[in-house]
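Engineer: Mind having a look at this structure? Questions to follow.
The values are calculated or read from the model by the stated rules, or taken from the named source; none is laboratory data. All figures in this text were calculated on a predicted structure; none of them were measured in a lab. Counting neighbours? That spans all protein chains shown, and the Cβs are built from the backbone with ideal geometry, glycine included. Keep in mind that these areas ignore ligands, DNA and RNA; they rest on the heavy atoms of the full protein, side chains included. Shrake-Rupley method; radii C 1.70, N 1.55, O 1.52, S 1.80 Å.
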Amino acid sequence: MQSTEPSPAPLVMLERVSKRFANGPLALQEMSLTIGAHDFVSFLGPSGCGKSTALRLIAGLTAPSAGALRWPSAPMTEAKGTNRDLGFVFQEPTLMPWATVFDNVWLPLRLAGVARDAANGTVREALAMVGLTKFASVYPRELSGGMKMRVSIARALVTHPRLLLMDEPFAALDEMTRTKLNNDLLSIWREHRFTVIFVTHSVYESVYLSNRIIVMAPRPGRVIDEIRIDEPYPRHTSDFHVSSRYNDHVKRVQRALHGTMIGVAVDH
Amino acid sequence: MTTDPDSLVNPAVQALERGRRREAAGRVLLPLLVVGVLLLGWEALVRVNGIPHYILPAPSLVVQTLVKNWGNLAPSLWFTVKLTLMALGAAVVGGVLIAMAFALSKWVEIALFPIAVVLQVTPIVAIAPLILIYVDSTASALLICAWIVAFFPILSNTVIGLKSADSNLRDLYQLYGATPWQCFRWLLVPSALPYFLGGLKIAGGLSLIGAVVAEFTAGAAGRDTGLASRILESSFRTEIPMMFAALLLVSLLGIVIFIAFAALAKLLLGHWHESELRREL
């Protein structure tokens, strides 16, 4: 069984990172966080708490207004937007409708100059990882929502990134599909030992998936608590999700989250 | 008749197939039927009331006139076809290039878009006489007129199309360090294609209108002229059946252009874009 002890080598460090959009409120206020290699970290909080902003900052899709990001182990984000050591999964599958499943997954490699034939093995491997081997030549419109999300995950993993960023990836899916994808994501993560940062507004999802939950609050977006879920993986075989320990974790996180809601209108 | 195993075992699939075939046949037959009924009604109206052909010729007479004067009409048809296609080609090249410049630079768009709008909203009949005065060659003048009419839908649709690429996909391309060319070729062009083809369908019809209107304004006569000149000539000579014959050719040309571009859109978008997908029942 895999240890949930934090790995000593940090992958990325946020040092008092703030983000203010033009003429907007402070989207993120002085976020400091160290993410270790092989962590499964959830950013949890209500709308407007800056969790997606934090993710985009780490991805290098937007620059911090103040503070700095550090990558101690390797220069992952040297220049803006030359980052193939990183996978990103959006809330929507974000597939190119004119391209087949294969071509969608090939995209990160294609942009790096890998020809179709040379990419073939890697792409099929990534498709196998998410269980879509048979669907390589199918167009996205022929797939269900869950399968599209799987393609999106395969595309994010095709470069074998060390860091996988996921922005509420399963929020739009039905309960059963989400559970299946959660379990599949965990087993891929355990097998390939990359780091995951998972943005979600679901307490249950964050407790089930992660070993660390960063609880965030809105106006201004900030971190208010970190909760560790020191439970062994795999979690789906151990009845973790129906155990009293799971409930205790959920209660703990809900209490922390409740603190974020004080003074916030109940709009969701 | 071809049958796949599914349709043999599954009556529901069979019914679906039948329904689909019936719909496909209906799509072609129904409009043809309406046109046929209208033509028969027209023919009957003329014959029953004994309307003289210099007021309203019967469809049969129009077709006869067309066949009899084919030697005279064919070169004119060819002239109009050439003019229309050249104007459309120039509109595609010009519209797409200007749209790309607009997409690349907000300031180019802000500076030039009003001019494009002015060209579009000023009626071509009003500018055509000026163009005919300033441009020596009549053929070039006609081409410019038809181009002005046709290029705007290409321009505006392509501009919208180039801007319509999914913002998350743009982020993704940025994340993987795509070069501007990669982004253009693999993201912007496919995203813009449905809009461009929509513009092309409109521009196809407009370039024909532009070609005909410009020729009317030019009032050119002689050998090297198009269908519009044939219509004008016959009108001066009150050869009404000949007017209808030339008009028929203009309409047929428009229909052929429309069908050709609809087929092109189907070919390029049929496998992925909503506008060309048949909804599953």
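Engineer: Hey, among the residues in the stretch A:100-154 that are closer than 20 Å to residue B:182 by Cβ and of a type in the set (Lys, Arg), which one's farthest from the other protein chains (Cβ to nearest Cβ)?
Structural biologist: A:116
Engineer: Here's a follow-up. Does residue B:184 count as over 22 Å from residue A:111 (Cβ atoms) and surrounded by fewer than 22 Cβ atoms within 10 Å (Cβ to Cβ)?
Structural biologist: For residue B:184, the condition - over 22 Å from residue A:111 (Cβ atoms) and surrounded by fewer than 22 Cβ atoms within 10 Å (Cβ to Cβ) - is not met.
Engineer: Next up: For the stretch B:169-281, which helices (runs of 4 or more DSSP H) that fit wholly inside it have 1 or more residues that are assigned by TED's automatic domain parsing to the domain that holds residue B:95, in contact with a helix residue (DSSP H, G or I) (Cβ under 9 Å, 6 or more places away or on another chain) and closer than 26 Å to residue B:102 by Cβ?
Structural biologist: Those helices (runs of 4 or more DSSP H) span B:180-183, B:189-218, B:240-269.
Engineer: Now a separate question. For the stretch B:89-115, which positions are modelled with pLDDT under 85 and either closer than 15 Å to residue B:151 by Cα or not in a helix (DSSP H, G or I) (or both)?
Structural biologist: If the condition is that a residue be modelled with pLDDT under 85 and either closer than 15 Å to residue B:151 by Cα or not in a helix (DSSP H, G or I) (or both), then B:105 is the only one that fits.
Engineer: If a residue must be at pLDDT 85 or above and in contact with a strand residue (DSSP E or B) (Cβ under 9 Å, 6 or more places away or on another chain), how many such residues does the stretch A:71-93 contain?
Structural biologist: Total satisfying the criteria: 6.
Engineer: If we keep just the residues of the stretch B:187-196 that are farther than 12 Å from residue A:107 by Cα and facing another protein chain (nearest Cβ under 8 Å), which is farthest from the chain's Cα centre (by Cα)?
Structural biologist: Top of the filtered list is B:190.
Engineer: Still on this structure: Are any of the residues in the stretch B:167-185 among the small types (Gly, Ala, Ser), within 14 Å of chain A (Cβ to nearest Cβ), over 27 Å from residue B:256 (Cβ atoms) and in contact (Cβ under 8 Å) with a residue 24 or more places away in the chain?
Structural biologist: Within the stretch B:167-185 (the criterion being among the small types (Gly, Ala, Ser), within 14 Å of chain A (Cβ to nearest Cβ), over 27 Å from residue B:256 (Cβ atoms) and in contact (Cβ under 8 Å) with a residue 24 or more places away in the chain), the answer is no, since none of the residues qualifies.
Engineer: Would you point out which residue out of B:94, B:89 is open to solvent by less than 70 Å² (accessible area, probe 1.4 Å) and either among the hydroxyl-bearing types (Ser, Thr, Tyr) or touching a residue at least 40 places away in the same chain (Cβ under 8 Å) (or both)?
Structural biologist: Sole residue among the options that is open to solvent by less than 70 Å² (accessible area, probe 1.4 Å) and either among the hydroxyl-bearing types (Ser, Thr, Tyr) or touching a residue at least 40 places away in the same chain (Cβ under 8 Å) (or both): B:94.
Engineer: Being of a type in the set (Gly, Ala, Ser), under 21 Å from the mean Cα position of the chain (by Cα) and open to solvent by 20 Å² or more (accessible area, probe 1.4 Å) is the filter here, so list the residues in the stretch A:100-143 that pass it.
Structural biologist: Across the stretch A:100-143, the qualifying residues are A:128, A:131.
Engineer: Need pairs with beta-carbon distance below 7 Å; first residue within 12 Å of chain B (Cβ to nearest Cβ) and within the stretch A:59-70, second surrounded by fewer than 17 Cβ atoms within 10 Å (Cβ to Cβ); sequence gap 6+ or separate chains.
Structural biologist: What qualifies is A:60/A:80; A:60/A:81.
Engineer: While we're on this one: Any idea which of (1) within 21 Å of the chain's Cα centre (by Cα); (2) away from every other protein chain (no Cβ under 14 Å) is the one residue B:236 doesn't satisfy?
Structural biologist: (1)
Engineer: Step by step: first the residues of the stretch A:30-45, then only those that are open to solvent by 10 Å² or more (accessible area, probe 1.4 Å) and either out of contact with any helix residue (DSSP H, G or I) (no Cβ under 9 Å at 6 or more places or on another chain) or in a loop (DSSP other than H, G, I, E, B) (or both), then the one that is nearest to the other protein chains (Cβ to nearest Cβ). Which residue is that?
Structural biologist: A:37
Engineer: Out of all the residues in the stretch B:147-169, which are out of contact with any Leu (no Cβ under 6 Å at 6 or more places or on another chain), buried (at least 17 other Cβ atoms within 10 Å of the Cβ) and of a type in the set (Gly, Ala, Ser)?
Structural biologist: Across the stretch B:147-169, the qualifying residues are B:156, B:161.
Engineer: In addition: Considering only the stretch A:173-237, give the strands (runs of 3 or more DSSP E) lying wholly within it that have at least 2 residues that are open to solvent by 10 Å² or more (accessible area, probe 1.4 Å).
Structural biologist: A:222-228
Engineer: For the stretch B:5-84, please list each of the helices (runs of 4 or more DSSP H) lying entirely inside it that holds at least 2 residues being farther than 15 Å from residue B:240 by Cβ and within 31 Å of the chain's Cα centre (by Cα).
Structural biologist: Fully inside the stretch B:5-84 and qualifying: B:11-49.
Engineer: Please indicate, with yes or no, whether at least one residue in the stretch B:247-265 is crowded, with 19+ Cβ neighbours inside 10 Å, within 14 Å of another protein chain (Cβ to nearest Cβ) and either at pLDDT 90 or above or within 16 Å of residue B:206 (Cβ to Cβ) (or both).
Structural biologist: So far as the stretch B:247-265 goes, yes, one or more of its residues are crowded, with 19+ Cβ neighbours inside 10 Å, within 14 Å of another protein chain (Cβ to nearest Cβ) and either at pLDDT 90 or above or within 16 Å of residue B:206 (Cβ to Cβ) (or both).
Engineer: Looking only at the stretch A:46-61, which residues are open to solvent by 30 Å² or more (accessible area, probe 1.4 Å) and either within 16 Å of residue A:210 (Cβ to Cβ) or modelled with pLDDT under 90 (or both)?
Structural biologist: A:47, A:48
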